[in-house]
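Everything on this sheet refers to the single structure shown next.
Throughout, read-outs are computed from the coordinates displayed, never taken from laboratory work. These numbers were taken from a predicted model, which means no experiment stands behind them. Quick reminder, even Gly has a Cβ in these numbers, built from the backbone with ideal geometry, and neighbours come from all protein chains shown.
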Amino acid sequence: MNLRDLLPLDDLRRLCEDFTALTGAVTAVLDLEGNILIATGWQDICTRFHRVNSETAIRCRESDTILAARLHSGESYTVYKCGNGLVDVAVPIVVMGEHIGNFFTGQFFFEAPDIGYFQDQARAFGFPSDAYLDALSRVPIFSEAQVRAMMGFFTNLTHLICQMGLTKARQEITNRDLRESRHLLQTIIDSVPIRVFWKDTDLRYLGCNPQFAQDAGFAMPEEIIGRDDFQLVWADRAELYREDDRVVMESGIPKLFFDEQIRTRDGGVIWCRTSKIPLRDETGETIGVLGIFEDITQHKLAEQMLMEKNTELQRSNSDLEQFAYVSSHDLQTPLRNVIHFSQLLKRRYDGRLDADADEFIRFIIDSGTQMSRLISDILEYSRVASQPRVLGPIPAGEAVAKALQNLGTEIAAAGADVRVAALPDVIAEFSLLVSLFQNLIGNAVKYRDPARPLVVSVGAEAAEPGHVRISVADTGIGIDPAYHEKIFEIFQRLVPASALDGTGIGLALCRRIVHRLGGTIGLDSVVGVGTTFNVTLRTEP
């Protein structure tokens, strides 16, 4: 810390000069390097004799050193009789705990001096006797009481000096921190890839960052200060922006992340995502509005293109589903004829033709039946999305009962034990719900473990508010985790078609039904232990 920078030296020098004129006492302020910053009333006996003679000057420096050493040891002030016979006093200057200088007074006597001692000193060092004794006669004499009073004054003065230095030091630190904070804030405002602006309560601009200034048609942010929106390139929309500003300031409530358009300096229009908050002073009073916005034009264009593509895709999917539905429906009639006439051939000519002919007829019937089942499943899969549905509260228990009735023959043949707990009403369409449970329970029966009894359990538990989770658990062969997602894709099978009947559509149909009902479907499974399908459905519209 530099003493010269901390103290108001001109004001302090005038104070010391007045003190010297009033009391005759000398004053001096020195930094720790010995630089004299203030000196008033110094006695001629010191300045013209003791400090200019090489031998007596050594005594002066010794006196300075001893005084400084005592101050460094922590004394509040120290009094010392120098080697040349005069008394000196020093008080430390301490700012923020740091000793940065000293306040001196001295060059006086406590009592009348010994003239003979100073006459001898004049002869010893070659001083002109008359001039030296004349200077001696002007050295003041202070009593110890006067010195104590002066030391009280000097101590208080030094304390005042320290307080002044401390105040100045703290102010300098505050100013430096403020400058750094302002610089950092300005750097951030100028660097962020968004537009920033702020206005006063009259909605005139107080400042902005370079990006905003460029949008507004100016080269530098300073050019916008004092203007309002009517004076900028978007004057035609100015009142809309100002109305938002007024609402934010009057309500004290920020308006965040809303989309609006602004005109650019080239006459174009861009989309912006804007936020505005009230500006308040330290008392909480609203003094303006702060706003930011970013250019989201490309995002808006991409969003519009995505919406158009989604609409086109939905239309294509709808057309494709309708085509699949109609085509599958139209294929059923000729296929039924193929199966029917093949069965007639089998009944009429079975055993009357050679063995190859009998096998060929059987192949036709089996393949036709498999094709008919596949077409029926495709029809049902397409119908889920293509046919209009009226959803409402449906007793899930009744849908499970209907599914079990439809699967009665298969369940009996498998010797399966199907256990159904109480189930709530869900928002669905009855036929869709029956198809869902029929496929899930039918899969459990189909993919059972022949080595142990099959148990199928249907239950329900609460899920998030307004929803229920219905589970269909079995003790079947289980499903490897690698296939937990794949099995919900259409035409995906985990076993060869030759091993078990099936079209690979059942679980894809289940997922489509659940999604149509606004729910979710997933599974937990352990190979060799069993599988649990979890279906979450709405219980409230």
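Once you have the Cα-Cα distance between Asp356 and Ile58, take 0.36 nm times their residue separation minus that, and quote the gain in nm to one decimal.
Numbers: separation 298, 0.36 × 298 = 107.28 nm, distance 13.76 nm.
This chain segment gains 93.5 nm when fully extended.
Mind ranking 300-311, 253-264 by how tightly packed they are, going by the mean number of other C-beta atoms within 10 angstrom, highest first? Walk me through the numbers before you get to the answer.
Details: 300-311: 10.8, 253-264: 13.9.
In descending order of packing, they fall as 253-264, 300-311.
Quick one: which residues, 5+ away or cross-chain, put their amide H under 5 Å from the amide H of Ile38? H built at 1.01 Å from N.
Correct list: Val29.
Provide Leu71, Leu185, Leu203 in ascending order of the number of other Cβ atoms located within 10 Å of each residue's Cβ, fewest first. Before the final figure, lay out each step's value.
Values: Leu71 22, Leu185 10, Leu203 17.
Least crowded to most crowded, the residues run Leu185, Leu203, Leu71.
Output ³J(HN,Hα) for the stretch 118-135: one whole-Hz value per residue in order, computed from phi by the Karplus curve 6.51 cos²θ - 1.76 cosθ + 1.60 with θ = phi - 60°, and x for Gly and Pro.
Those phi angles translate into 6, 5, 4, 5, 5, 5, 5, 10, x, 7, x, 4, 5, 5, 5, 6, 5, 5 Hz.
Scan around Ile93 for amide H atoms under 5 Å from its own, H built in the peptide plane at 1.01 Å from N, and keep only partners 5 or more places away or cross-chain.
Those qualifying (amide H under 5 Å, at least 5 residues apart or on another chain) are Ile100, Gly101, Asn102, Phe103.
Per 0.36 nm of contour for each residue apart, how much would the distance between Ala131 and His340 grow if the chain were fully extended, relative to their Cα-Cα spacing? Provide the component values of the computation, followed by the final result.
On the way: separation 209, 0.36 × 209 = 75.24 nm, distance 15.15 nm.
So the chain would gain 60.1 nm between Ala131 and His340.
What does the highest-first list of 57-64, 357-364 look like by mean Cβ count within 10 Å? If you can, show how the numbers build up before the last one.
Numbers: 57-64: 15.9, 357-364: 14.1.
Highest to lowest by the protection proxy: 57-64, 357-364.
Where in the stretch 147-182 is the amide nitrogen less than 11 Å from a point lying 7 Å along the Cα-to-Cβ axis of Leu22?
Correct set: 153-154.
Looking at the chain, what % of its DSSP beta bridges pair antiparallel, to the nearest 5? Write out the running numbers ahead of the final one.
On the way: 72 of 77 bridges.
Here the antiparallel bridges make up roughly 95 percent for the chain.
Based only on Cα atoms, what Rg/Rh ratio does the stretch 389-541 have, Rh being taken as Kirkwood's radius? Before the final figure, lay out the partial values.
On the way: Rg = 14.7 Å, Rh = 15.6 Å.
So for the stretch 389-541, dividing Rg by the Kirkwood Rh gives 0.94.
Amide H to amide H under 5 Å from Gly288: which residues, 5+ apart in sequence or cross-chain, H placed 1.01 Å off N in plane?
When sequence neighbours closer than 5 places are left aside, the close amide H contacts are Leu279.
By how many nm would the segment from Met96 to Ala112 lengthen if fully extended, with 0.36 nm per residue of separation less the alpha-carbon distance?
Values: separation 16, 0.36 × 16 = 5.76 nm, distance 4.10 nm.
So the chain would gain 1.7 nm between Met96 and Ala112.
What nm distance separates the two modelled labels at Ile270 and Ala412, each placed 7 Å from Cα along Cα→Cβ?
Once both label points are built, they end up 7.6 nm from each other.
For the chain, what is the mean residue ellipticity at 222 nm derived from helices alone (per DSSP H run of n ≥ 4: -39500 (n - 2.57); sum divided by total residues; nearest 500 deg cm²/dmol)? The partial results should precede the final answer.
Values: 14 runs with 257 residues, N = 541.
Mean residue ellipticity at 222 nm (helix-derived): -16000 deg cm²/dmol.
How much space per residue, in cubic angstrom, does the convex hull of the C-alpha atoms of the chain take up? Before the final figure, lay out each step's value.
On the way: hull volume 191.3 nm³, N = 541.
In the chain, the Cα convex hull volume per residue is 354 Å³.
When you count, for each residue, the other Cβ atoms within 10 Å and take the mean per peptide, how do 34-41, 394-401 rank with the highest first? Numbers along the way, then the final one.
Values: 34-41: 15.0, 394-401: 19.0.
Put in order of decreasing packing, that is 394-401, 34-41.
Kindly write out, for the stretch 457-468 in residue order, the coupling ³J(HN,Hα) from the Karplus curve 6.51 cos²θ - 1.76 cosθ + 1.60 (θ = phi - 60°), rounded to whole Hz, with x marking Gly and Pro.
10, 10, x, 8, 8, 5, 10, 5, x, x, 9, 9
I'd like the orientation of helix 430-446 relative to the chain: the angle between its Cα long axis and the longest Cα principal axis, in ° from 0 to 90, rounded to 10.
80 degrees
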